[in-house]
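Contents: one structure, followed by commentary.
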Amino acid sequence: QPQQPQPQPQPQQPRPPPQELLTMSRDGVVMAWDMQSGACTRTLPAFDVLAHCATVAGDSILHGCDDGMIRVRKLSDGARVREYVGHEDRVTSVWTTKTHLCSGSFDDSVRVFNLDTGECQHTLYEHEARVSAVNGMERQPEVFWSGGDDERVRVWDLETGACIRTFEGHTAEVTVLCPIAPNIMISGSADRTALAWDSRRDGSISRIQPNADRITAMCMVANGVLALGTGSKPVTFWNLQAGAAHSRLPEQGHHSDWVTSLCGYTGAFLFTGGADRAVKLWDWARGGRLRELQPAHKDWVV
């Protein structure tokens, strides 16, 4: 009998942008935005010290601050919950698992805290220079990564604090880390390149050179496509499989200063934050800006 035609898979339609966006600036102000109207729906007040990084854990937000403190507040009302104490200089990066908080600092150390008790379980000085980036992978919470001004990327055992692997290849400080797959992390640097590393292998597995200034922010926006923010050029999108630039956001309407933060959503949209205090939403695949929330903050968006 003649074969019946097989139904063809329908391409998935991208979901619309989220209803709410959270942004934070260096003064510690957190803003929640209604993405339909562009209105700010609630605000958490500023700190009396600068905050250089943040991450959300459950119903709380953790701020890494200029005085070495990591401050925790409730997202609902801004009530202070806890302070993690140990660093002696600016906290530059924070990352959490369900049980631990990992942080990097200008005091040249990486620290691991018990998320529930606040106890500092490991203080790690192998970088011997400022630590500017800490990150990990949700599916591999037993390890985490760090990068610093010593131009190296390190992989750590979360429980023991042992350095599992050290990667070399950059010629200037490591500025940002971005996980892209199990065991694989990409590091961006002030040397204008990004390198991909596999924790199971020695040496970098690929090199990304977007022909721009120092790399200041990175995130995955779609399967195999990496967004790179820099100090001068519009955001570049890199096809990891092809090893070449995919596209770039238009010059018109882009940030007037460094891109400091990137957040992809649904594979079709990208949020960008900058040192110009602006937050922008893009349909990156079509190259168009959907909305601008400016001035969103009174200081750099982090």
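How do the strands (runs of 3 or more DSSP E) wholly within segment 199-253 filter down when requiring 3 or more residues that are open to solvent by less than 50 Å² (accessible area, probe 1.4 Å): which remain? Break it down into steps so the answer makes sense when it comes.
Details: elements: 204-208, 215-222, 225-230, 236-239, 244-248.
Filter on segment 199-253 gives 215-222, 225-230, 236-239.
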Just to be sure I understand the filter: pairs with C-beta atoms under 9 Å, separated by 6 or more residues or on different chains, first member in segment 59-79 and farther than 21 Å from residue 112 by Cβ and open to solvent by 10 Å² or more (accessible area, probe 1.4 Å), second member of a type in the set (S, T, N, Q) and part of a loop (DSSP other than H, G, I, E, B). Which pairs pass?
59/76
Scan segment 256-266 residue by residue and report those that are touching a Pro at 6+ places or on another chain (Cβ under 8 Å) and assigned to a loop (DSSP other than H, G, I, E, B).
266
Index of the failed condition, residue 169 passing every other in (1) under 23 Å from residue 66 (Cβ atoms); (2) open to solvent by less than 60 Å² (accessible area, probe 1.4 Å); (3) of a type outside the set (Lys, Arg)
(1)
From the list 134, 143, pick out the single residue that is touching a residue at least 40 places away in the same chain (Cβ under 8 Å), in a strand (DSSP E or B) and crowded, with 22+ Cβ neighbours inside 10 Å.
134
Read through the list (1) modelled with pLDDT of 95 or more; (2) not in a loop (DSSP other than H, G, I, E, B), then give the number of the only condition that residue 68 fails.
(2)
Residue 248 - would you say it is more than 18 Å from the chain's Cα centre (by Cα) and more than 28 Å from residue 173 (Cβ to Cβ)?
no
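This table checks each residue for (1) in a strand (DSSP E or B); (2) modelled with pLDDT of 90 or more; (3) not acidic (Asp, Glu).
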residue	(1), (2), (3)
9	no, no, yes
17	no, no, yes
23	yes, yes, yes
33	yes, no, yes
43	yes, yes, yes
53	yes, yes, yes
72	yes, yes, yes
Keeping to segment 222-273, report how many residues are closer than 14 Å to residue 210 by Cβ and not polar (S, T, N, Q).
21
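The values are calculated or read from the model by the stated rules, or taken from the named source; none is laboratory data. Treat the numbers as computed from the prediction; the structure is a model and nothing was measured. Cβ coordinates were reconstructed from backbone atoms using ideal geometry, including for glycine residues, and neighbour counts include every protein chain displayed. These accessible areas exclude ligands, DNA and RNA; they are computed on the full protein's heavy atoms, side chains included. Shrake-Rupley method; radii C 1.70, N 1.55, O 1.52, S 1.80 Å.
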